[in-house]
Each structure stands twice: as structure tokens, then as C-alpha cells.
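J.: Here it is, the structure in full.
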Amino acid sequence: MAPSTATTCRARADGRRSHLLLSVRTLIAITTAVAFFALPVHCQSEKRLSSIQQQQQQQQHQYYDSEELTSGGGGEVIKSKIRPDSYSQDPAQQYEKHLQHGKQSDTVGSASTVYGEQYSDGGALMQQDQPMLDEEAQESISSGSINNHRIPQYTRGGSPVPADVVEGKNVGNRAVGNNYHHGGNPSSATGGYAVDSAYGPHYSSQDLVQDQNYQLEFKYHDYDKMTKFLRTTSSRFPNLTALYSIGKSVQGRDLWVMVVSSSPYEHMIGKPDVKYVANMHGNEAVGRELMLHLIQYLVNSYSVDPYIRWLLDNTRIHVLPSMNPDGFEVAREGQCDGGQGRYNARGFDLNRNFPDYFKQNNKRGQPETDAVKEWTSKIQFVLSGGLHGGALVASYPFDNTPNSMFQSYTSTPSLTPDDDVFKHLALTYSRNHPTMNQGVACKAGTPTFNNGITNGAAWYPLTGGMQDFNYVWYGCMEVTLELSCCKYPSTSELPKLWEENRLSLVKFLAEAHRGVHGFVMDEHGNPIEKASLKIKGRDVGFQTTKYGEFWRILLPGVYKLEIYGDGYIPKEMDFMVVEQHPTLLNVTLHTSKRQDNTPYRQPVPHFYHHHHPQGIALAPKQPTQDAGIFSSITSGFNNFVSNMFG
């Protein structure tokens, strides 16, 4: 019997419901299985993300050179930090080239990958956590004891400062042997300096025992007392200081230099060397004493002041407290003017005794200036300050001018190709000084200086000055710092003078961490020594060290670097400088050979920059000489002006 229509419809509906139920159950089972198997994958993904974030936090405030350059071309990462006074600023827009590990090419390091930020492979920016303020810095700030130039003491993830840093045991990054050696005789192969490592008969170990508080009085220190202080400091802070002599004065006194750095005995690859030279004129005594107090301040502040720690971890500071110790011994306290003690023991003005670019300097070289010239040739100084007295101004190159006749009457500036940088350096000092920036004349009849700075030749031209020599011969940017209206003021003035100049002295040195720095290598990753470089449009050159390093202080902007190496194809590279930190620029030069397979020597275009055997005067740019009575009148008038103003 055939089923009815109603029965057939019910059967079909029941079949559809059963099929739908089976589909739902199957879908649930599949979903459950997918979720079950996806859970471990999600957990692994979270673990990888957590690991990446942890690595980024550990890498905060460090940068990694994409080619991992070392003196041998690879193997150890070079690290550095942003300038502390720029922590709060936002990175500017800039560019960079990403290189695969081990690939030889040119690299540009920028703010994006350098200080506290990392890029993923896809280029998306992943912001780091902000550093935390430690308890010590909080206490300093709340108590009001923190110095004006200090910055909050940052630590990674709030972890305490490592004990080796607090104790001064941090020897910096990637240190290599320097041009001087600890104890014994210097190496003849390197022509280095021997580090002072023992007390003489007047400086026994008992002196250190009696000087437990390590105090430095505000008084003038003669040669013996200055030597004792420097040796005491070197013995008390062996991990932060090294004492060496670059030569002797006419009367046989050592020209002591103290290095203050977390790597005092070894050069830190990629970190700049800077210097202060004081007491060049023996009767200008303020700078001599301020250098002793600066040394004491740096070593005492290293473990408690994060700005000083950053400075010493990333810079090697060389301090020559007295370039003219013989002159100081005959100068007299309270003499604000005059020339007693100004000259060395042979009667030579040391700041008229260097080779000069504009005019032939025929003055016989003196032991003190010869020692400084040799010292400057051995160490690639990036920045320098020459400390004087008799005025209150920061004076920048050029000191001399091509004009010949009656040059002291002229007031025309003689500007360098780096005039913007020199003005900035001078302003850095004057604006951190409470009164220098006001430009007030020291006394009636003396000039005033806008913002407390001046071009040297616009003030009064001179031949044979040290700051022009540093800049033209070795690319070291030096500024002359006139620190007091009185050349040899009373002892009672020293505490005030120290407080006025302390911040400026520190901030000025930090300017070495501005501009561009990097390495010049060949195609095999080997450093190229003495490659010649210059910034296009700025015809004062500079050279690489034996590790291929170079530095140049520049203000923010876009520049082109010209690189020349003997036997290599010349190269030009564009790069950008930002405010927050120096730009890392690594250069690879390729060997150029003739058809006969001999190296091709590319002629290097003319720069101001000169290198020459020490003690040999160079032909000046304009070798015309003043003659007869005009030369005598001009020379005598220039000496008179020099004695009046410093």
C-alpha cells in the first residue's frame, strides 16, 4: 500500500533535521579540534613576542653597528648612548640603510635605530618603554643637591646601577692600546708616552695615607704641589685616571697630562678624545687651577652624577693644566695685567710659536710648543679648549688674517669654513656661564663682545696661535676661553670662578658628541688609516685614525662627505645630522688599480688641512712678509695688544 502524502512529508523533514544535526555536530568537532591544535601555536607566538620585547628592553639606549665593526673588521659590537641632555626630545625624521649581517657596504646610523627604538623587519616602529628614575636620582632632585647640568639617572627597567660602574671599574667599550703605556719606557714602535706610575722621593705612599679625604683647596698650586695632586689622583682613582708627560719645559718641568675617562689607559674605538690646555701664558693662572678642580670634580662625580658618568663612559678627556710651568713660577698673584711670567723661560710667547696658515712664522720652536704639536699629531683630538685670562669671552678661529699691515688696528672677522660650528661651540661655553654671555667689558676702554663670543681676528689678529694650528693642521676644533678679567686674581676669587665656569667646562666637552662619526674600511673590512675626508663646501680636512675612525662636529642639516684614500677610488656620501645624537656613517672604499695592476694614486684636492713632520714650518697661504720699519712697528704694536688682552 503506498504511503500517504503527509507521511512522506514527515519522513523527508525528519531526514533533513538529522542531516542538519549531523552537520552541526561535525562543525563543532572541527572547531574544537582547530582550537585545540591552535592553542600551542598561540602560546609559542606569545612566548616569541615576549622574548622580542625583553630583548628590546635590554637594548635600550644602545645602538648596534650593522656591520659590527671592530679594529679587525668584525666580531664585537660597538655601543654608545645618546647625549643625556637630549633624552626628552623626540627623534627627528631621517633616513637609514638596513644591511644584512656581514654584508660589506656603506651604513648610516640614525635616531630611529640608535637610541631607545628598534625597527622590525617590516619597518614598523616599535617604541621602547621609557627608562625609570632610580631612587638615588629622586633623592638628589628632591633635596635640591642635583647640579644644574645633571639629568635624571636612568636605569634599564629600574634595575640598580651595576657595582662595577659605582666603583669606577667600567673600562668602556671596545678598548685598545693607546699611544702611551703604563709604566716603563714607551714603545719606540708607536712613539708613545710613558705613564707616570711611581712617586719620586718627595711623593711617598705616606702622602696618600695622610690624604684620606682627597681635598683640593682653593689656592694656587706651584709645580711641586700640582704634581703631588695629580699623582695622588692617579693613585686614588686608577680606573678613571692616567697621568703622563708629553715633554718638558725649558727648565725641565714635566708637562703633565691627565686622562679622565672610564678607559684611561686604552683608546675606546668609536669614542672621541678631547682636551683642555691651560696656563699657556704663565701669568694667566685661573685656568690652571680650574683644571685641577675639574679633574677632582669628574672623578668624584662619576659614581653619583649620571651626566658625568655618561661623559666619561663615552669620551676620553685629556687635561694639560700647565703648558708653561716655568712662567707660572715667576708670575705673581694679584697682577691683573702686564707680562711678568707670560713667556717661557727663553722669553717666547707660546701662543705665537705655532705654524701659521696665513703667514710664515719664523720664530724658533720652543720645547713646550714642540711637545704640544707632537701630542696633537699622535692623538686624534676632536675638540679642544685653550684656557686664558685677561678678558671674559670665548674666541674662535681664525685668529689670523691675510691682511698684513697694522693688523691690530683692523676689526674684520677672519671666518673659517666651519664658522657656524665655531660660533655654536663658543656660545655653548658663554651661555652656560652666568656673566660671560652678557658681553660686558672688563673695564673702561676694553671691547664688549656680543653674547660673550668673538672671532679671534675681529678682536685682534695674531700669528702663530694654537687654535688655528689645531684646526688647520689636524682638524681639531679649538676655542680660546678667556675666563677672568684679571689674569692672576686673588686666591679668594677662585671659588667664585670655579662655580661660574664648572657647567661651561662640562657642557663644552659634551659637544664632541655632535655631528658625524664612523669608520672608513676597505672592501675586505680592514680599517684605512689616514684616509683624507672633508665636508663638501668646508675646505678644512681631517683624517682617519689607524682604526679607520673619524669624527666631525656639525650642526643639524644635510651634508656630503668626500673621502679620499691613497690607492682607493674616491667617494662621496650624503648624510643627515640631527640634534639628538651624532650620525653613524660607515664608508667602504674600493681599491683602484691601473692596467699594469699597480695601485692608482688619486690626486687629493687642496684643503686647508696640512700634515707634516713635526717641527717643520709649512709654506703659508700668502707668504708675503712685512718688511723693514713697518714690520718692526707692526710686531711691537701686536705684542703690546697681546699683553693687554691675553
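J.: So N526 passes all but one of these: (1) more than 25 Å from the chain's Cα centre (by Cα); (2) at pLDDT 95 or above. Which condition number does it fail?
T.: In the conditions (1) more than 25 Å from the chain's Cα centre (by Cα); (2) at pLDDT 95 or above, N526 misses (1) alone.
J.: Something else: Please tell me if E523 is free of Cβ contacts under 8 Å to residues at least 24 places away in the same chain, open to solvent by 10 Å² or more (accessible area, probe 1.4 Å) and at negative phi. Working first, answer last.
T.: Values: free of Cβ contacts under 8 Å to residues at least 24 places away in the same chain: no; open to solvent by 10 Å² or more (accessible area, probe 1.4 Å): yes; at negative phi: yes.
When the stated conditions are applied, E523 does not pass them.
J.: For region 568-589, indicate whether the set of residues that are among the aromatic types (F, W, Y), open to solvent by 10 Å² or more (accessible area, probe 1.4 Å) and under 20 Å from M477 (Cα atoms) is non-empty.
T.: Of region 568-589, the ones among the aromatic types (F, W, Y) are 568, 575.
Next, from what is left, pick out any that are open to solvent by 10 Å² or more (accessible area, probe 1.4 Å): 568.
Those still in the list that are under 20 Å from M477 (Cα atoms) too: none.
Checked against the condition, which is being among the aromatic types (F, W, Y), open to solvent by 10 Å² or more (accessible area, probe 1.4 Å) and under 20 Å from M477 (Cα atoms), region 568-589 yields no hits at all.
J.: Do the conditions hold for A331, that is, is it open to solvent by less than 10 Å² (accessible area, probe 1.4 Å), in contact with a Leu (Cβ under 6 Å, 6 or more places away or on another chain) and in contact (Cβ under 8 Å) with a residue 12 or more places away in the chain?
T.: Numbers: open to solvent by less than 10 Å² (accessible area, probe 1.4 Å): yes; in contact with a Leu (Cβ under 6 Å, 6 or more places away or on another chain): no; in contact (Cβ under 8 Å) with a residue 12 or more places away in the chain: yes.
No; evaluated as a whole, the condition is false for this residue.
J.: Any residue in region 515-527 that is in contact with a His (Cβ under 9 Å, 6 or more places away or on another chain) and over 22 Å from H221 (Cβ atoms)? Steps first, please.
T.: First, pick out the residues of region 515-527 that are in contact with a His (Cβ under 9 Å, 6 or more places away or on another chain): 522-523.
In the following step, the residues that additionally are over 22 Å from H221 (Cβ atoms) were identified as 522-523.
Within region 515-527, one or more residues are in contact with a His (Cβ under 9 Å, 6 or more places away or on another chain) and over 22 Å from H221 (Cβ atoms).
J.: For region 528-578, enumerate the residues that are in a loop (DSSP other than H, G, I, E, B), within 27 Å of H267 (Cα to Cα) and touching a His at 6+ places or on another chain (Cβ under 7 Å).
T.: Filtering region 528-578 for residues in a loop (DSSP other than H, G, I, E, B) gives 528-531, 536-537, 544-548, 553-556, 565-567, 569-570, 578.
Still in the running and within 27 Å of H267 (Cα to Cα): 528-531, 544-548, 553-555, 565-566, 578.
Once the filter is applied, which keeps residues that are in a loop (DSSP other than H, G, I, E, B), within 27 Å of H267 (Cα to Cα) and touching a His at 6+ places or on another chain (Cβ under 7 Å), region 528-578 yields only L555.
J.: Right, something else. Taking only region 588-603 into account, find how many residues are at pLDDT 65 or above and over 10 Å from Y568 (Cβ atoms).
T.: Keep residues of region 588-603 that are at pLDDT 65 or above, which gives 588-593.
Pick out the ones that are also over 10 Å from Y568 (Cβ atoms) and you get 593.
Matching residues across region 588-603 total 1.
J.: Which pairs do you get when a residue that is in contact (Cβ under 8 Å) with a residue 60 or more places away in the chain, found in region 265-286, comes within reach of a residue that is acidic (D, E) and open to solvent by less than 10 Å² (accessible area, probe 1.4 Å), reach meaning Cβ atoms under 7 angstrom, with the pair 6+ apart or on two chains?
T.: I269/E549; G270/E549; G282/D326
J.: To continue, here is another question. When the residues of region 348-382 are narrowed to those that are of a type in the set (G, A, S) and within 25 Å of V259 (Cβ to Cβ), which ends up least open to solvent (accessible area, probe 1.4 Å)? Steps first, answer last, please.
T.: Of all residues in region 348-382, those of a type in the set (G, A, S) come to 365, 371, 377.
With the extra rule that they be within 25 Å of V259 (Cβ to Cβ), the set shrinks to 371, 377.
Working: A371: 7, S377: 49 Å².
Within region 348-382, the match that is least open to solvent (accessible area, probe 1.4 Å) is A371.
J.: Across region 248-296, which residue is most open to solvent (accessible area, probe 1.4 Å) among those that are over 16 Å from the mean Cα position of the chain (by Cα) and aromatic (F, W, Y)?
T.: If we take residues in region 248-296 being over 16 Å from the mean Cα position of the chain (by Cα) and aromatic (F, W, Y), then Y265 is most open to solvent (accessible area, probe 1.4 Å).
J.: Give me a count of the residues in region 300-337 that are under 18 Å from the mean Cα position of the chain (by Cα) and not basic (K, R). Let's see the steps before the verdict.
T.: Just the residues of region 300-337 that are under 18 Å from the mean Cα position of the chain (by Cα), to begin with: 302, 306-320.
If we keep only those that are not basic (K, R) too, we end up with 302, 306-308, 310-315, 317-320.
Residues meeting the conditions: 14.
J.: Sticking with this structure for a sec: So Y564 passes all but one of these: (1) at pLDDT below 95; (2) surrounded by 19 or more Cβ atoms within 10 Å (Cβ to Cβ). Which condition number does it fail?
T.: Checking Y564 against (1) at pLDDT below 95; (2) surrounded by 19 or more Cβ atoms within 10 Å (Cβ to Cβ), the one that fails is (1).
J.: Select from region 214-273 the residues that are of a type in the set (V, I, T), under 28 Å from V516 (Cβ atoms) and assigned to a loop (DSSP other than H, G, I, E, B) and list them in ascending order. Lay out the reasoning, then the answer.
T.: We begin by selecting, within region 214-273, every residue of a type in the set (V, I, T); these are 227, 232-233, 241, 246, 250, 257, 259-260, 269.
Add one more test, that the residue is under 28 Å from V516 (Cβ atoms), and what stays is 257, 259-260, 269.
Within region 214-273, I269 is the sole residue that qualifies.
J.: Next question, about the same structure. Identify, from the list L483, L533, L554, the residue that is under 15 Å from the mean Cα position of the chain (by Cα) and of a type outside the set (F, W, Y).
T.: Details: L483 fails: under 15 Å from the mean Cα position of the chain (by Cα); L533 fails: under 15 Å from the mean Cα position of the chain (by Cα).
Only one candidate passes the filter, namely L554.
The values are calculated or read from the model by the stated rules, or taken from the named source; none is laboratory data. Here the structure is a predicted model, which is why all the values come from computation and not from measurement. So basically every Cβ, Gly included, is an ideal-geometry build from the backbone, and we count neighbours across all protein chains shown. Accessible surface areas use protein heavy atoms only, side chains included; no ligands, DNA or RNA. Shrake-Rupley method; radii C 1.70, N 1.55, O 1.52, S 1.80 Å.
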